[in-house]
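One structure is given below, encoded as C-alpha cells.
The values are calculated or read from the model by the stated rules, or taken from the named source; none is laboratory data. Bear in mind the structure is a predicted one, so any value in this text is a computation, not a measurement. Because the Cβ atoms are built from the backbone with ideal geometry, glycine has one as well, and the counts that use them run over all protein chains shown.
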Amino acid sequence: MISEESMTLKEVARLLKVAEKTVNTMAQNKELPAFKVRGQPHFRRGDMDHGVEEQKAQAAGEDFNE
C-alpha cells in the first residue's frame, strides 16, 4: 500500500509548468520516477518535491547569462 500521496500526470505537469506530453516523455525516459496504475503513470509527491529541490540546487550553481 502506498503511504504517501500520489500525483497524476496532469498534476505533475501543472506543478512543473510543462505540458502533459513532456511529463509523459520524461517518465518514459526514466527522467522522472513513475509507477503505473491501470496503465496510467503516477508519481509520488515526495519524489517530485525532491526532484524540484535538486533542480533548484543545480540551477543555483549555473550562470544563466552564458
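For (1) touching a Lys or Arg at 6+ places or on another chain (Cβ under 8 Å); (2) assigned to a helix (DSSP H, G or I), each residue gets a yes or a no:
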| residue | (1), (2) |
| --- | --- |
| E4 | yes, no |
| M7 | yes, no |
| L15 | no, yes |
| A27 | no, yes |
| K36 | no, no |
| F43 | no, no |
| G46 | no, yes |
| Q58 | no, yes |
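So, in region 6-65, exactly how many residues are among the charged types (D, E, K, R), buried (at least 16 other Cβ atoms within 10 Å of the Cβ) and modelled with pLDDT under 90?
Initially, region 6-65 is screened for residues among the charged types (D, E, K, R), giving 10-11, 14, 17, 20-21, 30-31, 36, 38, 44-45, 47, 49, 53-54, 56, 62-63.
Next, only the ones that are buried (at least 16 other Cβ atoms within 10 Å of the Cβ) stay: 11, 44, 47.
Pick out the ones that are also modelled with pLDDT under 90 and you get none.
Residues in region 6-65 being among the charged types (D, E, K, R), buried (at least 16 other Cβ atoms within 10 Å of the Cβ) and modelled with pLDDT under 90: 0 in total.
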